[in-house]
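Derivation of every value follows stated rules applied to the coordinates shown; laboratory data play no part. Nothing here was measured: the structure is a model prediction, and the numbers come from that model. Because the Cβ atoms are built from the backbone with ideal geometry, glycine has one as well, and the counts that use them run over all protein chains shown.
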């Protein structure tokens, strides 16, 4: 896919889910002289930081209202960023704009999260908007290649990383998850609907229960986009909380795909890794 980075128009519409990343992206845009307008998703976006930016509240299922707001603000380019719990169709309050494309919305819901987001993105693009990715609007928040903490992986960890990448490559077409934990060559846990934090908490419980016998300080969390994934949507994210979870799970470190993984508050993540003695590696794509 050709990058849109050199052709970004101002303002950019930031469709904001939960967490800190929508605001980090908005700050990155503003620092580059591109005006962000945030379209905050009800029930997901944090209202407190929102007040620093020009913004509107929108609800999932209100495509008609959303597209009118995008146009009124002059936002040709749109990015979706942040967490969002997948709603059931029965929970969505549909407006007329959504009903107009209900068949395509239904088709988007009949699949995993990447299928859903890319499907909604295609609907918006057919309405004349352009969906862009984090690499286009805020490349500074992406994970760089190489080691970014003091610790480095040993040969056992490098082998676990290689196996983790192989496992994620095989699982990618099924749109299941973006993370796996490998310890001494054994796949002990794969990410599911609970997300990465839940995955790491599960590994910690398995250790406490004696189901994982390897000593603490071994094993790796590996994260990567799904094979064939539209990289404008739902990129893997790591941050200080990921490091804390990996430390609690007794792992040696984490490895993610450089340039295709969001590093939330990277300085705090590096500090947390150095305190815990974990490595953080950005892998070549």
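Under a Gaussian network description of the chain, with springs only between Cα atoms under 10 Å, the residue in 169, 210, 82 that fluctuates furthest is 210.
Could you work out [θ]222 nm for the chain from helices alone, using -39500 (n - 2.57) per DSSP H run of at least four and dividing by all its residues? Round to the nearest 500 deg cm²/dmol.
Numbers: 11 runs with 106 residues, N = 285.
Mean residue ellipticity at 222 nm (helix-derived): -11000 deg cm²/dmol.
Residues 165, 122, ranked from the fewest to the most other C-beta atoms within 10 Å, line up as 122, 165.
Kirkwood hydrodynamic radius, computed over distinct alpha-carbon pairs, for the chain: how many Å, to one decimal? Present the calculation step by step, with values, prior to reporting the outcome.
Numbers: mean 1/r = 0.0509 Å⁻¹.
Kirkwood hydrodynamic radius for the chain: 19.7 Å.
Once both labels are positioned 7 Å from their Cα atoms along Cα-to-Cβ, the gap between residue 213 and residue 42 label points is 5.5 nm. Mean sequence separation of contacting Cα pairs (under 8 Å, at least six apart), scaled by the length of the range 215-257, corresponds to a relative contact order of 63 percent.
The separation of the range 46-86 from the range 226-244, counted between C-alpha centres, amounts to 21 Å. Dimensions of the range 184-255 based on its C-alpha atoms, expressed as ranges along the principal axes with the largest first, amount to 39, 24, 20 Å. Among bridges DSSP assigns within the chain, what percent are antiparallel (round to 5)? The antiparallel proportion sits near 30 percent. Length available on full extension from residue 152 to residue 7: 0.36 nm per residue minus the Cα-Cα distance, which gives 48.4 nm. Relative to the longest principal axis of the Cα atoms of the chain, the long axis of helix 113-126 makes an angle of roughly 30 degrees. Taking 50, 199, 78 in turn, the Gaussian network model of the chain (Cα-Cα springs below 10 Å) assigns the largest fluctuation to 50.
Here the spin labels are modelled as points 7 Å beyond Cα on the Cα-Cβ line, and at residue 71 and residue 59 they lie 2.2 nm apart. Take every Cα pair under 8 Å whose residues are at least 6 apart in sequence, average their separation, divide by the length of the range 142-283, and the relative contact order is 35 percent. Comparing mean-square fluctuations of 17, 219, 74 from a GNM of the chain with C-alpha springs under 10 Å, the top value falls on 74. As a proxy for reagent exposure, ranking 84, 206 by other Cβ atoms within 10 Å from fewest up yields 206, 84.
The equivalent ellipsoid that matches the C-alpha gyration tensor of the range 142-283 spans semi-axes of 20, 18, 14 angstrom, in descending order.
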